[in-house]
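The values are calculated or read from the model by the stated rules, or taken from the named source; none is laboratory data. Please read all numbers here as calculations on a predicted model, not as lab measurements. Here the Cβ is made from the backbone with ideal geometry for all residues, glycine too, and neighbour counts use every protein chain on show.
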Amino acid sequence: MSEKKYVYTFGGKTAEGKADMKNLLGGKGANLAEMCLLGLPVPAGLTITTECCTDYYANNCKLPTGLMDEVWAGISVVEKNMGLKYDDPENCLLLSCRSGARSSMPGMMDTVLNIGLSSKTLPGLIKKSNNERFVYDSYRRLIMMYADVVMEKAEGREPAEGVGIRKLLDEKLDNYKKEKGYKSDTDLTTNDLKYLSDEFKKEIKKQIGQEFPDDAKKQLEGGIMAVFKSWNGKKAISYRRIEGIPDEWGTAVNVQAMVFGNMGDSSATGVAFTRNPANGANEFYGEWLVNAQGEDVVAGIRTPSPLNNDTKNEQNKHLVSMEDSLPATYKELCEIRDILEKAYRDMLDIEFTIQDKKLYMLQCRVGKRTGAAALQIAMDMLKEGLISEKEAILRINPSQLEELLFPILDSKDEAKQTVIAKGLPAGPGGAVGVIALSCEEAMRLSKEKIVSILVREETNPEDVEGMRAAAGILTARGGMTSHAALVARGWGKCCIVGCEAIHINMDKKTINIAGKEYKEGDVLSLNGTKGFVYAGKVKMIDATENPVLKGFMEIVEKYRTMGVRTNADTPKDAQNAINFGAEGIGLFRIEHMFYGENSEAPLAVLRKMILAADTAERKKYLNELHPYIKQAVKGTMKVMDGKPVTFRLIDPPLHEFVPQTEKGQKELAAELKISFEEIKRRIDALHEVNPMMGLRGVRLGVVYPEISETQFDALFEATLELKKEGCNPILEIMVPLTISVTELKHQKEIADRVQAEVEKRNGMKLEYLYGTMIEIPRATIVAKQIAEVADFFSFGTNDLTQMTFGFSRDDVNVIISEYKDKKIIPADPFQTLDTVGVGGLVGVGINFGRETKPDLKVGVCGEHGGDPASVEFFYTVGMTYVSCSPFRVPIARLAAAQAAIKYEK
Ligand code: PEP
Ligand code: MG
């Protein structure tokens, strides 16, 4: 035996593990142990630790010495528990072998069922079960799974697309059924299954060159190894990359006594959620299939029946519920649901099997859910007294909130359209996009920024990347609990499954719905909350005023301590942000008035100013610009009445504003009354090799002080005008791209002079805060001096990331995706703050600044202000507030409250 304990048994009402041992036993293993401890009916088994998986990989894909001895010792405990014996000719125990990582990776790794069936054990099992058909059905399943998972995938055989052993055996099965005129697997007779088992074995020998093992011991060892191998299978790796699951975690292997849902009509298998995972309703929600094994439910081969009558829907209302068909077992399952929810205090996803009316629990885990469901469940459980306010806050992943703010189909427009097909509502919200019939196509379209709907025959875990790339997912087959439906729901992606009206023709690249053909590239609209499909484009709207969200955010506010502002530059965005709970504006980019709606007139003046021949001409155009700036400033400040608004002086390199086309340049030349050659000359003179490091930010104000002067004047005038109108404007001005205190002083002198003039002109005093952005590494180092002049700092982490990494913000995408793939960086530092490097500088900047001014107000206004992980970091370094785009305000508020709760101690 090895020094480490690799094997933990469970069964009866005892277990060596428990729920909080997920890191070692994986989610499945820990929860199986916990269910035993809760006294639930769980088939006995053992869990091989995740540590063993790590050791297996460290050991060149060899099982640690002594592991199998430990496994066999564990199996004898299982045998005692079940009253059966592995590899016994008369009373044989069969085993399943399943994966189970720390965090669930639905369908991404492999499973082998019915291990232990061999020529030695088949006759005894037939005698004992008195059900030869069932035994051969189990046997052919073992052969199919084992060949695929153990003999092909785990051995690294990579057959060409479509000729994998599983596919070949499936085809054999389908052809045989066709020949015999059978509709379903259940039509196959004992003799058919016997014949097929033999045929499968021959095919395996032919394709793989090896015999299917008839030795039970060898079968188990192969199964264990194959599960470890599947940790590094293609789909598992893709899923980990998307979900950010570390490669080092490894998977556990659960070896468990088989129970059979395919023993006849009093046997069944099912999957359920203790509450509705799509909308969070407190109803037992699940699917079951009579005379089937678990793989049949999740694979989406047969349409499952509803668990109970209350949750029937359009698609399955004709099917018999478990509530009606097996009332006593259903009642027992309901009791288990209550026990589990009380113990776990969360919504769970469970798997069960009924063997001849006896119920067995095979799995429970915290259920994946949409953002809407997460919110509803947290608020309900709070009311039910199951969880505390703090727990309710921590239950919602901040990025899940985004789903609730995401658009849905406009119900008015939707009512005017005809539903062309209906499916199961597997993922929420709405999606409008062009049809993509393959994952490759969805990924290609996404790269071209074209929104797509991925339409597939069935939900398939191998499709994760394509599913990710599409805005919505539509499948012809599969149930609400099919693996990909789970995955889509976990992402909060609009998804409809089991839409049987769809017929896909991959050769023609079309889909046919009720006799009408739609091509790849045609537009579809999905209502993922109802399961409705529309042809063409249905209008989308924002999901507004949601009372549950409001109630939740009120609780969030009780715990949040760090401020949340918004980056906004229009009255509309400002109002939106206030509705989402913003406490002020942390970044108003003045230059944004030259983009977008109503920008033509000010942009025309700005261009003339930029291309002016001399200072006098520049000043002339700046005077013309003044009223526009004042108006823009006033509009937003008015909406933000009583809340601080931080205006940032014009920052970008000026050449960004000049016309790029010859036509535009000619028109401008005419307006300026100069020749085309002259305007070309002036535009060329603005050219810089590294514009991001060139004449921008505060440098503009140093080189052309009159540009700063006009902005100060307009800002001060706007503020005093609002005061005169009885408003309460709270003005803050910040200087971008500062590298030294002398720059700040230089600009402050201009501001002071202009202030005095404006005050005199208006006969009124003005108050405002004068601050700076900190977005160049040097500024963080000299922050102590900068704080002598600055009333506040606002960290521009976009530029700070650019300047710290030396990555150009505008061109770095290719490098970043390569770096991420090659694991050189863990994440895109422009999305999630690099806490070690850039974050280190932020910390340095804050500390130095507060050496000079202990109460110095510090905020962040780069994109990271709306990224939950970054917000948590900003909390830990003592940031006064974060500022983000209006839609991210609720996310930042939640992330800030969660940080406050997490770091309370
Ligand atoms: C920043 O650099 O983080 C910032 C907010 O400024 P901008 O994105 O406008 O450069
Ligand atoms: Mg910047």
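Listed values, structure above:
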{"quantity": "Selection status of E732, within 16 Å of ligand 1 (Cβ to nearest atom), over 16 Å from L606 (Cβ atoms) and at pLDDT 95 or above", "calculated": "yes"}
{"quantity": "Single residue of T876, T880 found to be among the β-branched types (V, I, T) and either within 12 Å of ligand 1 (Cβ to nearest atom) or touching a residue at least 60 places away in the same chain (Cβ under 8 Å) (or both)", "calculated": "T880"}
{"quantity": "Residue ID - surrounded by the fewest Cβ atoms within 10 Å (Cβ to Cβ), chosen from residues in segment 218-245 that are more than 31 Å from the chain's Cα centre (by Cα) and of a type outside the set (A, V, I, L, M, F, W, C)", "calculated": "K218"}
{"quantity": "Considering residues of segment 775-794 that are surrounded by fewer than 21 Cβ atoms within 10 Å (Cβ to Cβ) and within 18 Å of G694 (Cα to Cα) only, the residue nearest to ligand 1 (Cβ to nearest atom)", "calculated": "P777"}
{"quantity": "Residue among R850, R888 that is touching a strand residue (DSSP E or B) at 6+ places or on another chain (Cβ under 9 Å), within 16 Å of ligand 1 (Cβ to nearest atom) and among the basic types (K, R)", "calculated": "R888"}
{"quantity": "Residue check, F830 out of contact with any strand residue (DSSP E or B) (no Cβ under 9 Å at 6 or more places or on another chain), within 24 Å of L587 (Cα to Cα), within 16 Å of ligand 2 (Cβ to nearest atom) and of a type in the set (F, W, Y)", "calculated": "yes"}
{"quantity": "Segment 421-466, residues that are in contact with a helix residue (DSSP H, G or I) (Cβ under 8 Å, 6 or more places away or on another chain), surrounded by fewer than 23 Cβ atoms within 10 Å (Cβ to Cβ), outside any strand (DSSP E or B) and of a type in the set (V, I, T)", "calculated": "V451"}
{"quantity": "Selection within segment 860-873 - within 15 Å of P829 (Cβ to Cβ), away from ligand 1 (no atom under 12 Å from the Cβ) and over 17 Å from the mean Cα position of the chain (by Cα)", "calculated": "F873"}
{"quantity": "Matching entry among T772, T797 (being surrounded by 21 or more Cβ atoms within 10 Å (Cβ to Cβ), more than 31 Å from the chain's Cα centre (by Cα), modelled with pLDDT of 95 or more and of a type in the set (S, T, Y))", "calculated": "T772"}
{"quantity": "Residues of segment 721-757 satisfying the condition of being away from ligand 2 (no atom under 16 Å from the Cβ), outside any helix (DSSP H, G or I) and either touching a Leu at 6+ places or on another chain (Cβ under 8 Å) or under 18 Å from F647 (Cβ atoms) (or both)", "calculated": "C727, N728, P729, I730, L731, E732"}
{"quantity": "Unmet requirement for E211, which otherwise passes all of (1) touching a residue at least 24 places away in the same chain (Cβ under 8 Å); (2) part of a loop (DSSP other than H, G, I, E, B); (3) not hydrophobic (A, V, I, L, M, F, W, C)", "calculated": "(1)"}
{"quantity": "Any chance L833 is within 16 Å of ligand 1 (Cβ to nearest atom), under 26 Å from K643 (Cβ atoms) and modelled with pLDDT of 95 or more", "calculated": "yes"}
{"quantity": "Extreme residue, modelled with the highest pLDDT, among residues of segment 559-579 that are in contact with an Asp or Glu (Cβ under 8 Å, 6 or more places away or on another chain) and surrounded by fewer than 20 Cβ atoms within 10 Å (Cβ to Cβ)", "calculated": "Y559"}
{"quantity": "Residue list for segment 159-187, filter: surrounded by fewer than 13 Cβ atoms within 10 Å (Cβ to Cβ) and of a type in the set (V, I, T)", "calculated": "V163"}
{"quantity": "Tally of residues being among the β-branched types (V, I, T) and surrounded by fewer than 19 Cβ atoms within 10 Å (Cβ to Cβ) across segment 719-729", "calculated": "0"}
{"quantity": "Pick from segment 848-866, criterion more than 17 Å from A577 (Cβ to Cβ) and without any contact (Cβ under 8 Å) to a residue 40 or more places away in the chain, ranking: farthest from ligand 2 (Cβ to nearest atom)", "calculated": "P854"}
{"quantity": "Matching residues, segment 613-662, being among the aliphatic types (A, V, I, L, M), surrounded by fewer than 21 Cβ atoms within 10 Å (Cβ to Cβ) and modelled with pLDDT under 95", "calculated": "A613, V658"}
{"quantity": "From the options V882, V812, residue that is within 16 Å of ligand 2 (Cβ to nearest atom) and either farther than 30 Å from E465 by Cα or touching a Phe, Trp or Tyr at 6+ places or on another chain (Cβ under 7 Å) (or both)", "calculated": "V882"}
{"quantity": "Evaluation of K822 against (1) more than 23 Å from A869 (Cα to Cα); (2) away from ligand 1 (no atom under 16 Å from the Cβ); (3) of a type outside the set (F, W, Y) (one fails), failing number", "calculated": "(1)"}
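Yes/no matrix, rows are residues, columns are (1) in contact (Cβ under 8 Å) with a residue 12 or more places away in the chain; (2) among the small types (G, A, S):
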{"position": "Y768", "(1), (2)": "yes, no"}
{"position": "I774", "(1), (2)": "yes, no"}
{"position": "A783", "(1), (2)": "yes, yes"}
{"position": "S794", "(1), (2)": "yes, yes"}
{"position": "L800", "(1), (2)": "yes, no"}
{"position": "D811", "(1), (2)": "no, no"}
{"position": "Y819", "(1), (2)": "no, no"}
